[in-house]
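Colleague: Quick one: the structure is below, and I'll ask about it shortly.
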């Protein structure tokens with residue numbers, strides 16, 4: 001994990017199901033709730049909210065639902081240890 005100095009941007013290099021991913025996570029507040037813009041391999045990003053019931057991410061935009069479940073789980077695991085904790 002690399003945290004960009006001076007901002008709240010996190011980058012992760014993950015290998016999920018033998019596929020490499022470059023993930024950029026930018027947390028932000030919306031209506032007093034923490035949300036995350038998550039960019040995969042340089043795309044425009046998708047918006048997620050943290051769901052404490054499942055201890056993981058919940059997609060808030062339709063395109064985010066197309067991400068592989070295993071990738072979403074890997075990102076959730078990283079965030080639970082670094083950003084959400």
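The values are calculated or read from the model by the stated rules, or taken from the named source; none is laboratory data. Values in this document were obtained by computation on a predicted structure and should not be read as measured data. Don't worry about glycine lacking a Cβ; one is built from the backbone with ideal geometry, like all the others, and counts go over all protein chains shown.
Colleague: Could you check how many residues of the range 1-19 are modelled with pLDDT under 95 and surrounded by 11 or more Cβ atoms within 10 Å (Cβ to Cβ)?
Modeller: The number of residues fulfilling the criteria is 8.
Colleague: Could you pull out the residue among 49, 74, 64 that is part of a strand (DSSP E or B) and under 19 Å from residue 9 (Cβ atoms)?
Modeller: 49
Colleague: Would you check which residues across the range 46-67 are under 22 Å from residue 19 (Cα atoms), out of contact with any helix residue (DSSP H, G or I) (no Cβ under 9 Å at 6 or more places or on another chain) and at pLDDT 90 or above and list them?
Modeller: The answer is none; no residue qualifies.
Colleague: Here's a follow-up. Residue 25 - would you say it is within 14 Å of residue 12 (Cα to Cα) and modelled with pLDDT under 90?
Modeller: Spelling it out, it is not the case that residue 25 is within 14 Å of residue 12 (Cα to Cα) and modelled with pLDDT under 90.
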